[in-house]
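I have placed the structure first, in the form of structure tokens, so that the comments after it can refer back to it.
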Amino acid sequence: MKYTFPEAFKIGATGAAWQMEGEADKLPHQKHFPHLMWENDKERWFGEVGPDVACDLYHHYREDIAMFARAGIRQYRFNIDWSRFIDDYEAVTVNEAAAQYYSDVIDCLMENGIEPVLCLEHWELPAYLYEKYDGYATRIVVDKFVQYAREAFLRYGDRVKMWFTFNEPVVIPQLCFQDGFWWPNEKNPARAYRWMHGKVMATAKVIKLFREMKMEGEIGVILNASHVIPRDENDPGDCYAAEVARAFYWGNFLDPAVKGCYPELYLDILGKEGLMFDFTQEDKALLRENTVDILGVNYYQPMRVMAKETPWDDSQPFCPGKYFDNYDMPGKRMNPFRGWEIYPKCLYDIGMRIKNEYGNVKWLVSESGMGVQNEGIYRDESGIIQDDYRIDFISEHLAWLSKAVSEGCNCHGYWLFASIDNCSPYNAFKNRYGLVEVDIEDGFKRRLKKSAAFYKALSDSNTFEYKENL
Ligand code: BG6
């Protein structure tokens, strides 16, 4: 069965500064938050490998971008490493060598026929701002982020017409400060919700600035779609569980970004739990008046929940799991390497939810992908990794997305995670995601995988084949 996307629909890919660039040419104090996570918790990072070298895109970007073009990438979302671009975090002064580097990357993308899309933060909060001010928990840092955004707009606004403030702003506060899974392994919900609010306000303030500066183009934020599915859609307890999960893992950033206010349920629960952050009248007005032009949605797996059945111990710090349990659905299809469910229909459901409940705001799939361990075993005689599983994964997701587009959802693109193999948080190079292989055992040599040819044919025609007629 042949599927076709409209001409304006762009096939692209994505990558994060801290996961790809490496930290060459940075000044000793120019560390970012993921560097702290790695430095302080090295033994938990796969092979103790981390962001210091990553895949060394910093030195390879010309060769890599030429390969991205050969893999059919038409739009490329990457981000500036805030901790590299700025060198005095109090005065917010630009590091000229870093500014030149990002300018060269943008030019190189354009010379290769790839539209550059810039995101301002994929967790690279400067370590200095974390240590001195507790990051986004304080308004000083929110304002410094806005000043940094201004410098980036001035330098690159002539060539970049699509901007995003954050990639997955929920992840660091949730995993580092609420759940304690990642360094500094805290269970301090008050801190986590102050951070999240700081990032919500930072997005609104940067959008306001973008419009005041009369920047050409569009601006938004990239969120991870915790698309929440109740165990039983007809069970009120399961449905309430899903509503809470949705409010805490998706609505708390999505609603302010698109509707200009938080979900009531989120504020009610935080109030009841004594965790309400400082939320002023001025904040409320800023949110109302500065919603996004465009939304990035990262989708990997759904979140399945059910009514709370396990006991909750009130002496433990709050987490949203007080109100629901995760539902381990029997028979679900898994990516065994990453331990994530594979459920492509979710892209259709997300599209319909955005269409029906979020004013059909313009959006795109800003990350989707499949991380696979030991990909070397799929290499053929000519040395090329035969990643047919990735081709199937992409086709199946695109088929559901195409159905959503044909039913009127306002989705304008699909960006694969990732352009190139790179360093994951904690898993480092264990699971590989790229269209381009990085052979870390052989001098970081790059090779296109089989999926790159598939991706090129897809993006040249906006057409692909998938076995089922959905
Ligand atoms: C997304 C992040 O949530 O998932 C990426 O934006 C990350 O930074 C990706 O790499 C895949 O997850 P992981 O943990 O397998 O790298």
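Observations on the model:
- Within segment 12-39, the residues that satisfy the criterion of being open to solvent by 20 Å² or more (accessible area, probe 1.4 Å) and of a type in the set (D, E, K, R) are Glu23, Asp25, Lys26, Lys31, Glu39.
Rundown of residues vs (1) open to solvent by less than 10 Å² (accessible area, probe 1.4 Å); (2) farther than 19 Å from Val258 by Cα; (3) within 16 Å of the ligand (Cβ to nearest atom); (4) touching an Asp or Glu at 6+ places or on another chain (Cβ under 8 Å), yes/no style:
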| residue | (1), (2), (3), (4) |
| --- | --- |
| Gly180 | no, yes, no, yes |
| Pro189 | no, yes, no, yes |
| Ala202 | yes, no, no, no |
| Lys208 | no, no, no, yes |
| Met213 | no, yes, no, no |
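- Lone qualifier among Val221, Val305, Val244, Val292 - being within 16 Å of the ligand (Cβ to nearest atom) and crowded, with 22+ Cβ neighbours inside 10 Å: Val221
- From the options Gly321, Gly331, Gly351, Gly296, residue that is free of Cβ contacts under 8 Å to residues at least 24 places away in the same chain, of a type outside the set (D, E, K, R) and outside any loop (DSSP other than H, G, I, E, B): Gly321
Matching residues to (1) out of contact with any Leu (no Cβ under 6 Å at 6 or more places or on another chain); (2) within 16 Å of the ligand (Cβ to nearest atom); (3) open to solvent by less than 30 Å² (accessible area, probe 1.4 Å); (4) not aliphatic (A, V, I, L, M):
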site	(1), (2), (3), (4)
Tyr148	yes, no, yes, yes
Phe153	yes, no, yes, yes
Val160	no, no, yes, no
Trp163	no, no, yes, yes
Glu186	yes, no, no, yes
Arg194	yes, no, no, yes
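- Any hit, segment 108-129, residues being closer than 25 Å to Pro425 by Cβ and either modelled with pLDDT under 95 or open to solvent by 20 Å² or more (accessible area, probe 1.4 Å) (or both): yes
- Strands (runs of 3 or more DSSP E) (entirely within segment 370-470) containing at least 2 residues that are over 30 Å from Glu218 (Cα atoms) and either within 15 Å of the ligand (Cβ to nearest atom) or open to solvent by 20 Å² or more (accessible area, probe 1.4 Å) (or both): 436-439, 445-448
The values are calculated or read from the model by the stated rules, or taken from the named source; none is laboratory data. These numbers were taken from a predicted model, which means no experiment stands behind them. Using ideal geometry, Cβ is built from the backbone for each residue, glycine included, and neighbour counts are taken over all protein chains shown. Each accessible area value is taken on the protein alone, full model and side chains, heavy atoms only, with ligands, DNA and RNA left out. Shrake-Rupley method; radii C 1.70, N 1.55, O 1.52, S 1.80 Å.
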